[in-house]
Amino acid sequence: MLDRVNFPLTSAQVGDFILEKEYTSFLTLQKAISELTDAGLISAQSIRNRTHLLITGEGLNTLSFFENRISDTIKDEINSFFKDNEMELRNEVSILADYYKSTTGDYDAHLVAKEKNTKLVDITLSVPTEESAAAICDNWQRKNQQIYQYLIQQLF
């Protein structure tokens with residue numbers, strides 16, 4: 001799946017597809033992701049409550065040796081899944097929001113909207129409480145398009 005897209009997928013996105021198709025169990029999938037990460041075949045980056053997965057160059061090279069072991073049916077199901085869901089999947093991983101405690105004692109909410117590998121918006125807001133930072137991140141996930149449009153209208 002990671003070879004079929006040019007953007008990261010979350011472990012939840014990969015898991016939802018694989019578990020829905022009943023290719024394996026949840027525990028086996030988690031073990032496989034962990035082993036692939038440990039071997040350097042995929043990279044995993046945790047952002048707040050999501051883990052973003054990308055195939056590495058070494059992973060692509062290794063996949064080329066084993067790709068013929070993946071059935072054409074599974075390949076077709078993966079391609080069909082991406083055809084039907086690519087925009088939704090891309091949007092889900094293109095909007096990032098995380099917060100952390102800064103050295104001043106405040107909390108910084110870091111908000112990013114990306115398209116492909118280009119950052120459209122990258123904002124860090126400093127707020128006094130963790131609750132405020134979490135609320136900002138949640139609102140960014142829900143309202144990023146309206147916020148982006150507002151910024152563009154006001155700045156241009």
### Message
Check which residues have an amide H placed less than 5 Å from residue 7's amide H, if you skip close sequence neighbours.
### Response
none
### Task
Taking 7 Å along the Cα-to-C-beta vector as the label spot, tell me the residue 138-residue 102 distance in nanometres, rounded to one decimal.
2.2 nm
#### Entry: Accessible surface of segment 39-141, 1.4 Å probe, proportion on carbon and sulfur as whole %
49 percent
### Query
If you plug each phi of segment 117-130 into the Karplus form 6.51 cos²θ - 1.76 cosθ + 1.60 with θ = phi - 60°, what whole-Hz ³J(HN,Hα) values come out, in order, with x for Gly and Pro?
9, 9, 7, 7, 9, 9, 10, 10, 10, 9, 9, x, 10, 5
## Note on the structure
Against the 2.2 N^0.38 Å rule of thumb, the C-alpha Rg of segment 48-90 sits at a ratio of 1.43
### Task
Treating each Cα of segment 91-156 as an identical point scatterer and ignoring solvent, apply the Debye formula and state log10 I(q)/I(0) at q = 0.12, 0.17, 0.18, 0.20 Å⁻¹.
-0.31, -0.60, -0.66, -0.79
## Note on the structure
In the neighbourhood of residue 13 defined by beta carbon distances under 14 Å, the net charge of the other residues (Lys, Arg +1; Asp, Glu -1) is -2
### Query
Give me the Kirkwood hydrodynamic radius of the chain in Å, from all C-alpha pairs, to one decimal place?
17.6 Å
## Note on the structure
When the charge dipole of the chain is computed with +1 at the Cβ of Lys and Arg and -1 at the Cβ of Asp and Glu, the Cα pointing farthest to the positive end, of 13, 70, 93, is that of 93
### Summary
To the nearest 20 debye, the chain has a Cα-centred charge dipole, built from +1 on Lys and Arg Cβ and -1 on Asp and Glu Cβ, of 280 debye
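The values are calculated or read from the model by the stated rules, or taken from the named source; none is laboratory data. Because the structure is predicted, anything quoted here is derived from the model rather than measured. Please note: Cβ atoms are built from the backbone with ideal geometry, for glycine as well, and neighbour counts cover all protein chains shown. Ligands, DNA and RNA are stripped out before the accessible areas are found, and what is left, the full protein with its side chains, is counted by its heavy atoms. Shrake-Rupley method; radii C 1.70, N 1.55, O 1.52, S 1.80 Å.
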